[in-house]
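Any read-out appearing in this document is the output of simple, stated calculations on the displayed coordinates, not a laboratory observation. From a predicted model like this one, the values you see are computed outputs, not experimental measurements. As a convention, Cβ positions derive from the backbone with ideal geometry for all residues, glycine included, and neighbour counts pool all protein chains shown.
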Amino acid sequence: MNRNFYFAFILALSGISLEAKAVLQVAYGVEENQLIIKSLDSTISHLGDADDRKLYQRCLEHYLEFLELNMRRNDDVSYQELRHTQKLLIPLYDSMLSKNIAMLRNELNRLGRVSKDKEKTNTKFMLRLGFRDLTEAEQKLTMARNTRPQLYLLKLREMLFALKILKHAGRFVVALALLHEADIVREVEGRSFEEIDNEIENSFFQEQEKFRKMHWDNFFKVWKEDGIYTTVLNGQVKSELAVPLPGIDPAYVREPR
């Protein structure tokens, strides 16, 4: 049974108070929202500009505020803070998905031209699968955009699904590049993350960094540094919520209970 439906059903039967309802909503939201926000970390590191990074840090700071309010059992306020975090995440996800789609389409088109008339066994197959993934990710993004505006979590679920599909498409880009652009040509089908990373390091002299970053991002890992997610959640960055993010997010100061 769908958990949202289950919670709603139980609440309707038992006449639970609004405060108790907020407790259930928050409890259900913690794990899923952490996955949604964490999954964007490597994409921000790989493709994000300064504004994207700033907004992502803002989302993480609001998420930390939500977690603290939740621990204090300030359930109504913590739920609103969770909703606010989701609201900020939606345009950021949309922007990063659009950038990822554009980058992958450009790479697949370029690799299609590079491999023309010198296809190897899996070349056409991987190109076809890569473009198929792009189409599916675009459909998921369109579904998210067309979801009712107030259904933040449903939008973000579709966007996370699209992001996962794009990471799968990115693996075809890396494999095709190793087949057709590497200084030392490699076949990496069925290899582990570490093995492919070693092949990229050993096979590219000019574009090693580009493809290692892409490879790490395809597995939701940040290459060569701690991601923003880690630095913010470990307290290495001072919160700036008291300062507004012009045109995006007003200043936030917790009200005494």
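For an R0 of 25 angstrom, estimate the FRET efficiency from the Cβ-Cβ distance between residue 254 and residue 53 and round to the nearest 0.05. It would help to have the intermediate numbers written out before the result.
Values: r = 24 Å, r/R0 = 0.97.
Efficiency for this residue pair is about 0.55.
Measuring nothing but how far apart in sequence close Cα pairs (under 8 Å, 6+ apart) lie, relative to its length, the range 95-236 scores a relative contact order of 22 percent. Going from the fewest other Cβ atoms within 10 Å to the most, the residues 103, 126, 71 appear in the order 71, 103, 126. Identify which of 42, 78, 95 has the largest mean-square fluctuation in a Gaussian network model of the chain, with springs joining Cα atoms closer than 10 Å. Ranking 42, 78, 95 by mean-square fluctuation puts 95 first. For the range 124-257, the square roots a ≥ b ≥ c of the C-alpha gyration tensor eigenvalues yield an a/c of 1.5 or more together with a/b not exceeding b/c, which makes the shape oblate. Only aspartates and glutamates eight or more places from residue 124 in sequence, or on another chain, were considered; those with a Cα closer than 18 Å are 107, 133, 181, 187, 189. Between the residues 122, 150, 137, the greatest Cα displacement towards the positive end of the dipole of the range 65-214, with unit charges on the Cβ of Lys, Arg, Asp and Glu, is found for 150. A prolate overall shape is assigned to the chain, the ratio a/c of its alpha-carbon gyration tensor axes (a ≥ b ≥ c) being 1.5 or greater and a/b exceeding b/c. Over 29 Å between C-alpha atoms is what I'm after, so list which of 213/238; 120/140; 120/155 land there. Where the Cα-Cα span goes over 29 Å, the pairs concerned are 120/140; 120/155.
Highest average first, the peptides 159-169, 211-221, 177-187 ordered by how many other beta carbon atoms sit within 10 Å of their residues are 159-169, 211-221, 177-187. For residue 38, the aspartates and glutamates whose Cα comes closer than 15 Å to its Cα, not counting residues fewer than 8 places off in the same chain, are 52, 61, 217, 226.
Note on the range 33-54 and the range 156-207: Cα centroid distance 20 Å, given to the nearest whole angstrom. Counting only whole DSSP H helices of the chain, the ones at least 18 Å long by C-alpha along their axis and with mean Kyte-Doolittle hydropathy no lower than 0.0 are 18-38, 152-180. Across the range 37-123, C-alpha contacts under 8 Å between residues 6 or more apart give a mean separation that, scaled by the residue count, equals a relative contact order of 30 percent. In percent, rounded to a whole number, the relative contact order of the chain is 22, using alpha-carbon pairs under 8 Å and six or more apart. Near the amide H of residue 249, within less than 5 Å, lie no amide hydrogens of residues on another chain or at least 5 residues away, with H placed in the peptide plane.
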